[in-house]
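**Q** Handing you this structure, nothing more for now.
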Amino acid sequence: MCKHILNAQVSIRAPCCKQWFDCAECHAETQDHRLRKTTEMAFLCKKCKKAFRKDMVNYEESDEYCPHCDNHYVIQAKTPQAALGLEGDDPRINARMLKDERVKEDQTKTIFAQDASVRLG
Ligand SMILES: [Zn+2]
Ligand SMILES: [Zn+2]
Ligand SMILES: [Zn+2]
């Protein structure tokens with residue numbers, strides 16, 4: 001289970017190693033290679049458990065929904081930090097956040113964080 005994005009709606013299929021991951025970071029942690037970029041991403045909806053593909057070059061707003069069950073899968077990521085309600089005004093938490101750069105990134109990322117987000121513009 002993905003510990004980076006608590007409300008992940010889909011799994012993504014890494015084009016490089018043909019394995020399913022909940023997010024780009026899961027791939028980064030378990031694999032020793034970089035996630036390969038692709039123009040056609042394969043997704044697996046966690047709601048209806050069906051797979052589908054999306055053309056990332058012509059990605060539109062309507063593509064943010066599962067074609068099978070209409071589940072909106074591109075949503076603001078809920079991270080463990082956000083779920084705990086940490087506002088960052090606690091000095092102890094701030095110190096920890098400064099040490100771990102990834103914590104900062106976590107707050108704004110989506111499932112596409114390290115890969116396709118650039119394409120989504
Ligand atoms: Zn891979
Ligand atoms: Zn993850
Ligand atoms: Zn679905």
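**Q** Mind listing whichever residues of region 1-51 are within 16 Å of ligand 3 (Cβ to nearest atom) and aliphatic (A, V, I, L, M)? Can you show your working first?
**A** As a first pass, look at region 1-51 and keep what is within 16 Å of ligand 3 (Cβ to nearest atom): 7-13, 20, 22, 41-51.
Hits for region 1-51 are Ala8, Val10, Ile12, Met41, Ala42, Leu44, Ala51.
**Q** Do you know which residues across region 1-31 are of a type in the set (Gly, Ala, Ser) and out of contact with any helix residue (DSSP H, G or I) (no Cβ under 8 Å at 6 or more places or on another chain)? Outline the logic, then answer.
**A** From region 1-31, those of a type in the set (Gly, Ala, Ser) are 8, 11, 14, 24, 28; that's our starting set.
Scanning region 1-31 gives Ala8, Ser11, Ala24, Ala28.
**Q** Which residues, counting only those in region 23-59, are within 15 Å of ligand 2 (Cβ to nearest atom) and either over 24 Å from Pro80 (Cα atoms) or acidic (Asp, Glu) (or both)? Let's see the steps before the verdict.
**A** First pass over region 23-59, keeping only residues within 15 Å of ligand 2 (Cβ to nearest atom): 23-31, 35, 43-44, 46.
Correct list: Glu25, Glu29.
**Q** Would a scan of region 2-10 turn up a residue that is over 18 Å from Pro67 (Cβ atoms) and not in a loop (DSSP other than H, G, I, E, B)?
**A** no
Here, each number is a calculation from the coordinates, and none is a lab measurement. Only a predicted model underlies this, so the values are computations on that prediction, with no experimental measurement involved. Backbone-built Cβ (ideal geometry, glycine too); neighbour counts: all protein chains shown.
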